[in-house]
1. Looking for whichever is at pLDDT 70 or above and under 50 Å from the mean Cα position of the chain (by Cα) here; the options are 779, 854. Which one fits?
2. Can you tell me how many residues in the stretch 430-449 are of a type in the set (Lys, Arg), buried (at least 16 other Cβ atoms within 10 Å of the Cβ) and part of a helix (DSSP H, G or I)?
3. On the given criteria, is residue 682 at pLDDT below 95, more than 16 Å from the ligand (Cβ to nearest atom) and assigned to a loop (DSSP other than H, G, I, E, B)?
4. With the structure loaded, tell me whether residue 635 is surrounded by 24 or more Cβ atoms within 10 Å (Cβ to Cβ), in contact with a strand residue (DSSP E or B) (Cβ under 9 Å, 6 or more places away or on another chain) and modelled with pLDDT of 95 or more or whether it fails that test.
5. Check the stretch 45-63 and report whether any residue there is closer than 21 Å to residue 248 by Cβ, in contact (Cβ under 8 Å) with a residue 12 or more places away in the chain and part of a helix (DSSP H, G or I).
6. Report those helices (runs of 4 or more DSSP H) wholly inside the stretch 217-324 carrying at least 1 residues which are outside the structural domain of residue 143 (by TED's automatic domain parsing) and touching a Pro at 6+ places or on another chain (Cβ under 8 Å).
7. So, in the stretch 351-391, exactly how many residues are in contact with a Ser or Thr (Cβ under 8 Å, 6 or more places away or on another chain) and charged (D, E, K, R)?
8. Quickly run through the stretch 87-120 and pick out the residues that are assigned to a loop (DSSP other than H, G, I, E, B), at pLDDT 90 or above and touching a helix residue (DSSP H, G or I) at 6+ places or on another chain (Cβ under 8 Å).
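The values are calculated or read from the model by the stated rules, or taken from the named source; none is laboratory data. Since the model is a prediction, treat every value here as computed from it, not as a measurement. No Cβ is skipped: glycine too gets one built from the backbone with ideal geometry, and neighbour counts run over all protein chains shown.
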Amino acid sequence: MEQPLTTLPRQLTPMMQQYAQAKAEHPDAVVLFRLGDFYEMFAEDAVTCSRLLELVLTSREVGKGRRIAMCGVPVHAVEAYIARLIDAGCKVAICEQMEDARFTKGLVRREIIRVITPGTVVEEGMLAEGDSNFLMAICEADGTYGLAALEVSTGEFLATTLDGADANEALQAELTRLRPAECLIASSQQVLTETLHLNCTLCEPQAFELEAAQQHLEQQFGSDTAWQDGHTPLALRAAGAILQYVQAMHKTALQHLTYLRPYRLSQYMVLDAVTRRNLELVRTMRHGERHGSLLNALDETMTSMGKRLLQRWIEQPLLQCEAIEARLEAVEELVSNAACRAQLRQILRRMYDAERLVGRIACGTANARALAGLRQTLAALPTVRDLLTDCHAPRLQTLLADCSGESDIVALLEQSIVDEPPITIRDGGLIRTGYDAALDDLIRKTDRDKQWVARLQARERQRTGIKSLKVGFNQVFGYYIEVSKANIHLVPADYQRKQTLTNGERYITDKLKERETAILSASEQRVELEYTLFVDIREHLAREAALLQRIASALAQLDTLAALAEVAVLYNYVKPEVGEGAAIHIRQGRHPVVERMVDGFVPNDLALDHEHQRLTILTGPNMAGKSTYLRQLAHIVLLAQMGSFVPAEQAHIGLVDRIFTRVGAVDDIAAGRSTFLVEMSETAHILHHATPQSLLILDEIGKGTSTFEGLSIAWAVALYIVRRLGTRGLFATHYHELTALETLYPGIGNFHMAIRETDDGIIFLRQMVPGGASKSYGLHVARLAGLPTEVLDESARVLSYLEQQGTQPAAGPPPMNGVHGATSEPIKPAPTGLTEQLLSLDLCQVTPLQALTLLHQLQQQVREWTGPGGSAR
Ligand SMILES: Nc1ncnc2c1ncn2[C@@H]1O[C@H](COP(=O)(O)OP(=O)(O)OP(=O)(O)O)[C@@H](O)[C@H]1O
C-alpha cells in the first residue's frame, strides 16, 4: 500500500515537503496547491477528486524515483470546481503562492489562506441566491440547547436557547426553518449528531467552553459587554464555537460580524417541523421544489436579499399586533401608491446583493467588479430617498432614515474604481486615473514610453527606407522590429538580430530594449500598486460594514414590502384586520397557490370563534376541495401575521399563537414508525400543546386504521378539542358520523363541500355550505382515476351490500358474486365496549406505548370476534 505523503517528508522534493506540511495542517480537507496557473491535488486527494470532478489523473515524481497521483484545475475556473467539491461534502483548503515566482529565487512560499466548508462559503458562485446558508452550532446541557447560527456571507449572527419539555421539538423546528449547511458539535456531544440528520462537523470540546467563547466574542464585539445581553451562557458557548471555527477557516478579521442577535421563539408564531412541511411554506412536500410553495406564490422580489427576507418572514410570522400592523401599513401605502411602487421596484431591479457584497468585502474575497456593484447600488439611494420622502407609513419612514450615510463611500468608489473593472484583481486595470499620484506617475511614464514605441515604426521606416518595416510585441521576445527578407540588405548596423522567420527577420535596438525594460518594470509596479490600492479600499469598506449592513437591510425590507404590495395588486388581495380577539372571519377567501393553478377557483367564507363555533367539522366527497380549504385558512392566517395582504374580500384574524397541522401521513420507515403510529404521534403532539389561541388544521384523523377505531379516535379527538382545549380548528373527515357532534356539544359546527349529482356522475361545486355530507363518492373518484371497470363494478356491489347491512365493515364480506354463491352463516354480534374503551381514553395522558398496548388489546378482541379468517361469521 502507498505510504501517505505526510509520513515521508525527508524523501520528498522541497516543493512536495511544502505540500506535505500543508496537508498535515488540514488532513480532513482536500488541499488545492497553487502551482502557476493551476491548483493541483496530490495522492489520495487526487484520486478522490479526479472521480468527483471528472479530471484526468496523472502522476508526478516526488523524490527518489517515487511517483504519486496528481490532477489539477486551472486557476480561472477554480470556483466552479470548489463548488462541486463542497456540494459533495468535502472541505477544501486553498494553499496559495504567497510570492511572485518571477521575483523569487528557489522555492516560492506557499500558505493555506483559507479553508472552505459548506457553512463558511462566501463566494458568489457557490451560494444559492435566494437561500440563506447558515453555519450552526448546537450545545446541550441537561436537556437545554444553546443554538447559534451565522450566515458568513452576510454577517447575520443569531443565538437562542431552547429549554423546557419541548426543547427537542423546538430544535427540530429551528433546524427545519434554518436548514443549516453545516452544524458544529463538540466531539464530547457526538451523540447529538445521530438525531440531527445534518452535515455535522465535530470540534474540540474546548471550543465550546464558556471562557473561550467569551474571549472570542469579546475580541469580535468589544470589551463593552453589551453583546452578552439577552443571551444565556449556553447560547454564548455555541456562538463562541462558531466564531472560532469561522476565524480559523477565513483567517481574516470578519469585520462584518457586528452583532450577535438574541432571539426567542416566543416572539414568533410557533410552526413545528411537521406543520412547516405540510403547509409547503418554502418547498413542496412531494418534490421539495420551490415552485408550488407559498414562497413562490409571493415572490415578486427584485433582489436576492429581498428573496431571503421574504422567506424569513414567511417562516416567522409575528405575534405582536403593532409589529404586524406596521408592515401592513407599509404594504398598504405601496399598494395605493402605484407610481412609487413601480419606480422603487425598477430601482431595486438594478441593485446588487448588498448584504453578501459586504460579507465578501469583509472576508477579503470581493473583486473590483463587486465594488463596482456596490457603487451602483449605493448610487441609487438618493432616488430611493426621493421616492420615500412623501410616504407616510412609519415603517417606510424608518427605512428612509436607514437608507442614508452612503455619500462618502460612493465618492470613494467613484473616484477610485474604473467603470468596468476586470474580474481579476492581480492584472491591474482597476483603479481610475486621478485617484493616486504615484499610480498616475507610473501610468504617465508607461504611456510616454509606449507612445515612443508607437512612433518608432514611422521613424524607422523613414530612417531605413523600408516601407514594410513593422514594430511589434510578443510575450516571449518582447518588442521587436520586423523586416521582410527582401529588405534585409537595408537593415542598419545598430539592429541586433533576435529571431528568424520564414519571410524575414526580427531585430532589437539598444534604445528599444531600454524602453521595453522601462515599460515592463513600470507595468509590474503599476499592477502591484493597483492591487495594494484596491486592497486598501476594500479594507476601508470593511470598516464601514455596520453602515453598509444597515443600508442593505433597509433595501431588503423595501424589496420585500414592495413585493407583497405587488402580489396584493396583481392577485387582488386585501388588507386583513389582525386583532387580539379569538374570532377568525374570512369573506370569500382563496388559496394563494391553488387559485393560480386552476381555472375558476371558487372562494369560500369562514367563521371561527370561541363564542359560537370554534371547531368546524368539514365533510364532503373526495376531491371536493376540503384539503384546499383547510390549507387556505392556514395560509391566510400566516400571511396576515407576516404582514401581508391576503387572498380574500375581507379578513379579520384573531391572533394565532401556533398553527398545528395533521394531514395525510407518510410512513416513517427509517425511524421504524408505521403510517398510523406517525398519525397518532402527531395527533398526540397537537393535543398536548394546543392552546385556545392556536389554530388546528386536521385532515382525516383516524384514517390509518380500521373504520371503527378510526371513527372512535376522531370522535374523541374532536370532543377533546372543544371541551378541554377550546382551540379553533377545522376538522375534515370522511366519517359522516362525526356530524352528530354538532347537536351534542356547543362550539362544533358542520359544513360540507357542495356537489351536484347528474346522470353522468357528480359535479364538484367547491362551495362550503352549512350541514354535513352524507356520502363520500369515493367510487366516483376511483372511476375518474381510471380504476379497471371490473374493480369498480365489484366495489359497487360490495358497497351496496355493506350499506344494506347498515354497519359497514362489521357486516363482514358480501356474498360472492356469480358461481360461488352466497353463504348463509349468521353474523356474530360485535364485541361490546370497544367504543367505550376508546372514548374513555384520555389522549392527553396516554403515552405512545400505552396507546399501542391498548390498540393491541382492541385488535385481539376484534380478532376473536372475526376469527382467524377475519370474518365475523
Ligand atoms: N375552491 C376551489 N375552487 C376550484 N378548484 C378547487 C377548489 N378547491 C379545490 N379545488 C380543486 O380540487 C382538487 C381537489 O381538492 P382537495 O384535494 O382539496 O380535495 P379533498 O376534498 O381534500 O379530497 P380528498 O378527500 O380526496 O383528500 C384540487 O387539487 C383543486 O384542483
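1. Values: 779 fails: at pLDDT 70 or above.
Result of the check over 779, 854: 854.
2. Taking the stretch 430-449 first, the residues of a type in the set (Lys, Arg) are 432, 444-445, 448.
So of that shortlist, the ones also buried (at least 16 other Cβ atoms within 10 Å of the Cβ) come out as 432, 445.
Keeping just the survivors that are part of a helix (DSSP H, G or I) gives 445.
Count: 1.
3. Working: at pLDDT below 95: yes; more than 16 Å from the ligand (Cβ to nearest atom): yes; assigned to a loop (DSSP other than H, G, I, E, B): no.
No; evaluated as a whole, the condition is false for this residue.
4. Values: surrounded by 24 or more Cβ atoms within 10 Å (Cβ to Cβ): yes; in contact with a strand residue (DSSP E or B) (Cβ under 9 Å, 6 or more places away or on another chain): yes; modelled with pLDDT of 95 or more: yes.
The answer is yes for residue 635.
5. Let us first name the residues in the stretch 45-63 that are closer than 21 Å to residue 248 by Cβ, namely 45.
Within this subset, residues satisfying the condition of being in contact (Cβ under 8 Å) with a residue 12 or more places away in the chain are 45.
Next, from what is left, pick out any that are part of a helix (DSSP H, G or I): 45.
Looking for residues that are closer than 21 Å to residue 248 by Cβ, in contact (Cβ under 8 Å) with a residue 12 or more places away in the chain and part of a helix (DSSP H, G or I), one finds at least one in the stretch 45-63, hence yes.
6. Details: elements: 233-250, 273-278, 294-298, 304-315.
Hits in the stretch 217-324: 294-298.
7. The number of residues fulfilling the criteria is 5.
8. Within the stretch 87-120, 117, 118, 120 meet the criteria.
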